[in-house]
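*Asks:* Sharing a structure with you now.
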Amino acid sequence: MIALCDIKKYAADAGFDCCGVARCRHFADSEAYFRDWLRHGYQSSLGYMERNTEKRFDPRRLVERARTAVVCAVAYKNRFSEGYPPDCRTKVASYACDRDYHTTIREMLRRLLAALRERYPNLEGRGFVDTAPLAEKRLAVEAGLGWIGRQSLLITPQYGSFVLLGELLLCDETDAYDTPFEGSRCGACRACMEHCPTGAIVAPQVIDTNRCISCHTVEREPAAQIDLHGWIFGCDECQSCCPYNRQAPFHTHPAFDPVFDPLTAGPEAWRSMTEAQFAERSGETPLTRSGLARIKKNLY
């Protein structure tokens, strides 16, 4: 049995700002909600969302004998998280100005798991960062980190929604589990819904990806054409307006320092950019996911 205090200590040592621990179980209510979302076709071009639904809402199906979910969060807010000038036509989601978080958080999780295995040599488990069918936001709520806001993102009391998540699924129990976060602290605020320029938040916690700028600029493009409102990769509109995010502190982990400034390159600079220049400027960032040709297309 693993001591909860050890998990929290090693998570902090690995660089995480928050850590919570939940039991692995089937989240039947979330699965039903998700299946209804799929029935409405809100996944649009995100066909991968239709696969492995049973695993997504039961971590024990993803990792055999998994009993404990360790949910870790790290803050990434930077100056671009607060918004861009109204006339900016080359806006990049603030997380994408940093080194790719998949790489960074995966390294942090490895350090955490290695520290736990040194203390508990027989421990088995696996780490995940956003690429496996895992309902990580629901797990974060179960682990007491925060609540899911109207824009469907996890909101933490300390850092708002400008957090990135990573999980360890462990094949052992802990001596204690965190209390799930109860309720929502959004109150009557609907800022995220009102500020979405395309109306992609069709109801509280319901995103129509067919209208979502982030989906249109990063994922496989939906069939519908929308105004991207100057965003060339991702979108922060539903986050920069959130009162919790306005009050949240900037990140402190050096790995989340921006590696380039989107304001230093206007549309013409992007249009004339070569692949070599793109690799030098953005090679370690998530922008490589879409590539230069896609970014140039997003300029129009």
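*Asks:* Of a type outside the set (Gly, Ala, Ser) and over 29 Å from Asp227 (Cα atoms): is that true of Phe57 in this structure? Even if it seems obvious, please write down each step before you answer.
*Replies:* On the way: of a type outside the set (Gly, Ala, Ser): yes; over 29 Å from Asp227 (Cα atoms): yes.
Criteria met by Phe57.
*Asks:* To continue, here is another question. Looking only at the stretch 186-211, filter to residues that are in contact with a strand residue (DSSP E or B) (Cβ under 7 Å, 6 or more places away or on another chain) and touching a residue at least 40 places away in the same chain (Cβ under 8 Å); which one of those is nearest to Glu237 (Cα to Cα)?
*Replies:* Cys192
*Asks:* Hey, does the stretch 103-117 have a residue that's assigned to a loop (DSSP other than H, G, I, E, B) and either under 30 Å from Ala191 (Cβ atoms) or without any contact (Cβ under 8 Å) to a residue 24 or more places away in the chain (or both)?
*Replies:* So in the stretch 103-117, the residues assigned to a loop (DSSP other than H, G, I, E, B) come out as none.
Within the stretch 103-117, none of the residues are assigned to a loop (DSSP other than H, G, I, E, B) and either under 30 Å from Ala191 (Cβ atoms) or without any contact (Cβ under 8 Å) to a residue 24 or more places away in the chain (or both).
*Asks:* Moving on to the next point. Tell me, which residue of the stretch 140-183 that is of a type in the set (S, T, N, Q) and under 24 Å from Asp58 (Cβ atoms) is surrounded by the fewest Cβ atoms within 10 Å (Cβ to Cβ)?
*Replies:* Of the stretch 140-183, the ones of a type in the set (S, T, N, Q) are 151-152, 156, 158, 161, 174, 179.
Imposing the further condition that a residue be under 24 Å from Asp58 (Cβ atoms) reduces the set to 152, 174, 179.
Values: Ser152: 17, Thr174: 20, Thr179: 11.
My answer is Thr179.
Matching residues to (1) of a type in the set (S, T, N, Q); (2) in a loop (DSSP other than H, G, I, E, B):
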| position | (1), (2) |
| --- | --- |
| Arg126 | no, no |
| Asp130 | no, yes |
| Val141 | no, no |
| Leu145 | no, yes |
| Ser152 | yes, yes |
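*Asks:* Quickly run through the stretch 1-31 and pick out the residues that are of a type in the set (A, V, I, L, M) and in a loop (DSSP other than H, G, I, E, B).
*Replies:* Met1, Ala3, Ala14
*Asks:* Limited to the stretch 236-279, what total is found for residues that are touching a residue at least 24 places away in the same chain (Cβ under 8 Å), in a helix (DSSP H, G or I) and of a type in the set (D, E, K, R)?
*Replies:* Final tally of qualifying residues: 3.
*Asks:* Could you grab me the full set of residues in the stretch 101-126 that are closer than 26 Å to Met49 by Cβ and surrounded by fewer than 20 Cβ atoms within 10 Å (Cβ to Cβ)?
*Replies:* Scanning the stretch 101-126 gives His102, Thr103, Arg106, Arg126.
*Asks:* Can we say Arg60 is assigned to a helix (DSSP H, G or I), surrounded by fewer than 14 Cβ atoms within 10 Å (Cβ to Cβ), basic (Lys, Arg) and without any contact (Cβ under 8 Å) to a residue 40 or more places away in the chain? Walk me through how you get there before you give the answer.
*Replies:* Values: assigned to a helix (DSSP H, G or I): yes; surrounded by fewer than 14 Cβ atoms within 10 Å (Cβ to Cβ): no; basic (Lys, Arg): yes; without any contact (Cβ under 8 Å) to a residue 40 or more places away in the chain: yes.
So Arg60 fails the test.
*Asks:* Here's a follow-up. Tell me which of these Thr198 doesn't satisfy, since it passes every other one: (1) of a type outside the set (A, V, I, L, M); (2) surrounded by fewer than 23 Cβ atoms within 10 Å (Cβ to Cβ); (3) under 20 Å from the mean Cα position of the chain (by Cα); (4) more than 27 Å from Gly144 (Cα to Cα).
*Replies:* Of the numbered conditions (1) of a type outside the set (A, V, I, L, M); (2) surrounded by fewer than 23 Cβ atoms within 10 Å (Cβ to Cβ); (3) under 20 Å from the mean Cα position of the chain (by Cα); (4) more than 27 Å from Gly144 (Cα to Cα), the odd one out for Thr198 is (3).
Bear in mind that the values in this text are calculations on the coordinates, not laboratory data. Just so it is clear, the structure is predicted and the values come from calculations on it, not from any experiment. Cβ sites come from the backbone with ideal geometry, for glycine too, and all protein chains shown count toward neighbours.
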